[in-house]
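Remarks on the structure that follows.
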């Protein structure tokens, strides 16, 4: 592996807070539910790429682990998230009504590093991962970048944040695997067509998509930053469950926490092929009895 | 930041060392304390019980490392950590700067590893004492769980007590996965343990019904959270009844002040809050306040009066 062309994403400007907040608004968007939360202290601290972590099920809940969800929007005292109901915790969140309260910690994680003002940018979102790119698109446009966005999903009902991206990006491409909306196929095809014009690439979505986009960018010598969606127990960096093999600034690979050292990583620093394994050259693998071949 | 003032005298001790609060973090559930700073006054809590440190840096296990279970979770982290050099160079100085006390959890695969770690921590600023993790279930073989064998457990504790700073209390962390926890408790106390930390996680398993394979990369994992609280409380009760003079740091599923109170009444003179921190990062400070209020409501002037009260 050649030397990475990205620098690790720097820490966020502000520490997180924990608050019990009220749901200000709720609307169904295709297969998802968008929640708006009255959370001024989180909204004023949030930077694009960061996430919040919810306690689910109320105070009597037997589901203890926090649910981490990317911030889709932050402003005017309100934080917006897009919930994809798939398990009991996210289904509970998606069922919250206006006026309900929920315990939330945030903003958490490292934000997307911004490029030199005016750098043309390509943003790629998969499924509800596109929501994490809306605030970034706004910041990039505000600093003079031309923004191209690609939003893809398995089917039309799994697309997310397309209207929000259209409102801010110069060009938006939609893809679906089944052709039910936009171009039939994966985001990687239009991404390959458009990457030549980009000075930096950002992506959020499933691991396979992040790998494809990261490799595409790295092969062209273009820096890329990907926001991963690893499952986390705490979201704040104490449980050590959300680790990925990440190449650090010193070139050595460590099991790094997706919550505090991510969720934004350089696309060329994530060893996608090694996720779920313990490669011998991870720092500390020798102490686990894994030796160089 | 949360003020920890109360009318009830909440002071207690680990061995002979006084601490201002009986509520501590739990090893493996608050890393080295740093991430809790936005949520908790680290100098006001009893102590930061560190993630178990070993001689060398450890990567820990491959993912997935976690599965949520009813009122708890299963973990198979594999003791990821910076090693003793990293702890001494970075984590302990950081805690000292903030006036926090570290109760350092040490782990190893051989008796000599534990002794060397204890020796390396002699006289180190910020170190209040040692919790000896002889009961981590996430090791290669169950034969390595020292706490499942009274003789092996005693060997480790005797070596640590001999090598450790005389000013450092040495607590043995026990496993509930034994037939008779009192016999292990008695053995390690005879070997020189100044106190007992009870309990570590229980060995458990979750299978994914879709893949039809174990969820965790490490197959089995340690079960923690409120699901194990009655087991932990039973262990504290039994050991306090048999060895009433031995200080107990109680842990296992403590989520509220009333949970902590149960451990105190059963015989614990301090408690650790572990998995609850994942749910509520300010849990350690909150449990202190709730415990103080619960003691006041029941007419206790001090925490110490309530220790073991349920036996009397």
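Table for the structure above
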read-out	value
Residue in region B:48-61 that is under 24 Å from residue B:279 (Cβ atoms), touching a residue at least 60 places away in the same chain (Cβ under 8 Å), in contact with a strand residue (DSSP E or B) (Cβ under 7 Å, 6 or more places away or on another chain) and crowded, with 24+ Cβ neighbours inside 10 Å present	yes
Unique match (being more than 16 Å from the chain's Cα centre (by Cα) and within 14 Å of another protein chain (Cβ to nearest Cβ)) among B:274, B:257, B:299, B:253	B:257
Extreme residue, modelled with the lowest pLDDT, among residues of region B:64-79 that are facing chain A (nearest Cβ under 7 Å), buried (at least 24 other Cβ atoms within 10 Å of the Cβ) and outside any strand (DSSP E or B)	B:78
Output for region A:140-179, where each listed residue is assigned to a helix (DSSP H, G or I) and buried (at least 18 other Cβ atoms within 10 Å of the Cβ)	A:140, A:158, A:162, A:164, A:165, A:168
Residue B:214 vs. criteria free of Cβ contacts under 8 Å to residues at least 12 places away in the same chain, surrounded by 18 or more Cβ atoms within 10 Å (Cβ to Cβ) and within 14 Å of chain A (Cβ to nearest Cβ)	yes
Qualifying residue in region B:157-169 (condition: farther than 26 Å from residue B:224 by Cβ, more than 19 Å from the chain's Cα centre (by Cα), touching a residue at least 40 places away in the same chain (Cβ under 8 Å) and not in a helix (DSSP H, G or I))	yes
First in region A:225-246 and more than 8 Å from chain B (Cβ to nearest Cβ) and at pLDDT below 95, second anywhere and surrounded by 24 or more Cβ atoms within 10 Å (Cβ to Cβ) and part of a strand (DSSP E or B), Cβ under 6 Å, 6 or more apart	A:232/A:68
Helices (runs of 4 or more DSSP H) enclosed by region B:224-312 - at least 3 residues per element that are surrounded by fewer than 24 Cβ atoms within 10 Å (Cβ to Cβ)	B:229-242, B:257-266, B:283-297, B:303-306
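Listed here are the residues, each with its yes/no results for (1) farther than 22 Å from residue A:90 by Cβ; (2) away from chain B (no Cβ under 14 Å); (3) touching a helix residue (DSSP H, G or I) at 6+ places or on another chain (Cβ under 6 Å).
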| residue | (1), (2), (3) |
| --- | --- |
| A:215 | yes, yes, no |
| A:263 | no, yes, no |
| A:267 | yes, yes, yes |
| A:288 | yes, no, no |
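The values are calculated or read from the model by the stated rules, or taken from the named source; none is laboratory data. This structure is a prediction, so every number in the text was calculated from the model and none was measured. Cβ atoms come from the backbone with ideal geometry, glycine included; neighbour counts cover every protein chain shown.
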